[in-house]
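Following: one structure in structure tokens, then a few remarks.
A short reminder: the numbers here are calculations on the coordinates, not readings from a lab. These numbers were taken from a predicted model, which means no experiment stands behind them. When we count neighbours, we look across all protein chains shown, and the Cβ atoms used for this are built from the backbone with ideal geometry, even at glycine.
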Amino acid sequence: MTNNHLIAPSILAADFANLQQEIEMLNQSQADWIHVDIMDGMFVPNISFGFPVVSAVNKHAKKPLDVHLMIVEPDRYLKAFKDAGASNITVHYEACPNLNRTVQAIKELGCTAGVALNPHTPVSILEDIVGDLNLVLIMSVNPGFGGQHFIKNTYKKLHDIKELSSRYNPDLLIEVDGGVDQHNAADLIRAGATVLVAGSSVFSAPEALSAISNLKQAGN
């Protein structure tokens with residue numbers, strides 16, 4: 001197995017007091033994207049970054065910003081996140097009553113369009129739209145806080161979305177977020193993941209650059 005999967009460290013776990021240094025570290029690392037979790041305190045029970053922080057990160061980042069919107073009514077803010085520097089915009093299936101329209105709006109902005117699923121949401125629900133997506137994000141913890149325990153049913157969901165992808169959209173990126181570390185990375189890749197989001201396991205590691213490198217080499 002070659003290491004053609006992507007690594008997207010989540011800055012939710014970074015040291016916010018030294019965010020510029022953390023971004024510069026990611027620039028030097030083997031990371032492919034920088035994952036930015038946006039939380040509004042309504043869709044999930046936590047609040048994180050807004051547009052000013054995304055813009056500040058983008059000013060220093062040399063890698064694409066992978067923006068994950070854990071918010072209600074994301075359509076209202078798509079352009080603002082694009083303008084702040086988002087390359088990829090992922091919205092939650094559970095927050096989008098008109099998902100096709102939201103996905104088209106993201107694409108019209110010139111961004112990669114992703115849809116995230118909470119742990120309790122079955123993959124089969126995406127069958128009608130998966131052909132239009134660039135990315136599906138499987139949440140392997142309940143969204144809202146970093147450092148949670150990995151939910152084992154994630155492996156089945158990865159198999160399921162890989163099967164849907166093979167039928168309708170072979171180029172689909174399959175991202176997994178939550179509890180990802182060097183112990184489960186290879187298994188996640190084997191199950192179908194092509195993008196690994198890692199927060200605590202990168203930023204709490206003694207050597208973040210080595211932690212990213214280990215994730216990049218996983219499955220080899």
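Computed values, structure above
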{"quantity": "Given LYS63/LYS162; LYS82/LYS107; LYS63/LYS157, the pairs whose alpha carbons are separated by over 20 Å", "calculated": "LYS63/LYS162; LYS63/LYS157"}
{"quantity": "Cα-projected label distance for GLN20 with LYS62, points at 7 Å along beta-carbon direction, nm", "calculated": "1.7 nm"}
{"quantity": "Computed over region 6-217, Kirkwood Rh from alpha-carbon pairs, angstrom", "calculated": "16.9 Å"}
{"quantity": "Ranked packing of 176-188, 208-220, most packed first, by mean Cβ within 10 Å", "calculated": "176-188, 208-220"}
{"quantity": "Over the chain: helical MRE at 222 nm, DSSP H runs n ≥ 4 each giving -39500 (n - 2.57), nearest 500", "calculated": "-9500 deg cm²/dmol"}
{"quantity": "³J(HN,Hα), Karplus 6.51/-1.76/1.60, whole Hz, each residue of region 209-217, x for Gly, Pro", "calculated": "4, 5, 4, 5, 4, 4, 5, 5, 8"}
